[in-house]
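Quick note: the coordinates plus some simple rules give every number you see, no bench work behind them. Just so it is clear, the model here is predicted, and its values are computed rather than measured. Quick reminder, even Gly has a Cβ in these numbers, built from the backbone with ideal geometry, and neighbours come from all protein chains shown.
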């Protein structure tokens, strides 16, 4: 199982960028962008990174947000969620990177995430 420890910033394997939750994030925005409420009161988003079909996937993006909306975790995993995948290391996964960037950019525009600049 992939370790999904929550922290104030998150980064997926192979991506140079880090993200944090936007200070403007709201619960209803999370729900509007596809997050589902977890049993612990937090929120979880799972998105297929397959360009051809959102229903079949060899990789998926998983984002967890705690109930207080101040910590998150992000990972790109195999379809069963058991192993982290680096989609940035091969040209064969360029489509997955494109879909990943589309989802992340949407979350940034909707003020769910914001990039961390060091």
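Structure above, values below:
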read-out	value
Whole-number D in µm²/s for the stretch 53-113 (Stokes-Einstein; Kirkwood sum over Cα pairs; 37 °C, 0.692 mPa s)	259 µm²/s
Computed helical MRE - 222 nm, the chain, DSSP H runs ≥ 4 contributing -39500 (n - 2.57), nearest 500	-5500 deg cm²/dmol
Exposure proxy ranking, count of Cβ atoms within 10 Å, fewest first, for 73, 90, 22	90, 22, 73
Per-residue Cβ neighbour rank within 10 angstrom, fewest leading, 65, 25, 103, 116	116, 103, 25, 65
Ranked 47, 110, criterion: other C-beta atoms within 10 Å, fewest first	110, 47
